[in-house]
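K.L.:
Please find one structure pasted underneath; my questions will follow.
The values are calculated or read from the model by the stated rules, or taken from the named source; none is laboratory data. These numbers were taken from a predicted model, which means no experiment stands behind them. Counting neighbours? That spans all protein chains shown, and the Cβs are built from the backbone with ideal geometry, glycine included. Protein only, heavy atoms only, side chains kept; ligands, DNA and RNA dropped before computing areas. Shrake-Rupley method; radii C 1.70, N 1.55, O 1.52, S 1.80 Å.
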Amino acid sequence: MKISFSGTLRGVAALAVVSLLMAQIVIVALRYVFSLGAPWATDLLAYLFFLIVSLPLAGVILNNESVRVDVFSDRFSPRTRRAIDRIALLGLLFPAAGWAAWTSVPMVRTSWRVLESSPTLGGLPGFFILKTVMALVFATLALVALIVGLRPSLYGKEDDR
């Protein structure tokens, strides 16, 4: 059985989806049935949603699973589509994600220095971990864009779509 990095991240994101659904049910029950509210509850949902959205991103690029709304691409040859994908990966995603990762480093260091907690009063601790994951997601996206963009066959298949 082959376990991949992107598969592991997808598994964690799937676990976060289940956790989000269960937490939402508990939070709604606490709020509307028992009239109990907790500021940390909103943070928990936001943290889980962040993980759900961000963790599978590298796998989406590696496996060419991104959603495209193309008007013209059906008319292009596979070679032209690969060239467009290569330009998008190396000319757009790599520099943008690399810049985002690089510029988030000071924010992450400051956040770790003060062990930043939630900006919400009474919210969850560990906001510095969320900021770290964000910077790592950007760095991973930049690295994946560079690696996939420089491969002779972009996505490991002859016909990429």
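K.L.:
In whole Hz, what ³J(HN,Hα) sequence does the range 101-106 give by Karplus (6.51, -1.76, 1.60; θ = phi - 60°), x for Gly and Pro?
P.N.:
With coefficients 6.51, -1.76 and 1.60, one gets 5, 5, 6, 8, 4, x Hz.
K.L.:
Compute the label zone of residue 121 within the range 8-42: residues whose backbone N is under 15 Å from the point 7 Å along Cα-to-Cβ.
P.N.:
38-40
K.L.:
Report in % the part of the accessible area of the range 30-89 that belongs to carbon and sulfur, leaving out ligands and nucleic acids; probe 1.4 Å.
P.N.:
The C+S portion of the solvent-accessible surface of the range 30-89 is 67 percent.
K.L.:
Label-point separation (nm) for residue 153 and residue 69, each offset 7 Å from Cα along Cα-to-Cβ?
P.N.:
Result: 3.2 nm between the two label points.
K.L.:
Could you tell me how many degrees, from 0 to 90 and to the nearest 10, lie between the Cα long axis of helix 127-150 and the main elongation axis, the longest principal axis, of the Cα atoms of the chain?
P.N.:
Result, in degrees: 10.
K.L.:
Further question on the same structure: For the range 24-96, divide the Cα radius of gyration by the Kirkwood radius and give the resulting Rg/Rh value with two decimals.
P.N.:
Dividing the radius of gyration by the Kirkwood radius yields 1.28.
K.L.:
Report, as a whole number in µm² per second, the diffusion coefficient that Stokes-Einstein gives for the chain at 4 °C and 1.567 mPa s using the Kirkwood radius over alpha carbon pairs.
P.N.:
71 µm²/s
K.L.:
At 1.4 Å probe radius, can you tell me the per residue accessible area of the chain in Å²?
P.N.:
Per residue, the chain has an accessible area of 65 Å².
K.L.:
Find how much the distance from residue 143 to residue 76 grows on full extension, using 0.36 nm per residue of separation minus their present alpha carbon separation; answer in nm with one decimal.
P.N.:
21.4 nm
K.L.:
Would you mind working out the magnitude of the charge dipole of the range 1-136 relative to its Cα centre, with +1 at each Lys and Arg C-beta and -1 at each Asp and Glu C-beta, to the nearest 20 Debye?
P.N.:
400 debye
K.L.:
Among 22, 136, 115, which residue has its Cα furthest toward the positive end of the charge dipole of the chain, with +1 on Lys/Arg Cβ and -1 on Asp/Glu Cβ?
P.N.:
About the Cα centre, the residue reaching furthest to the positive side is 136.
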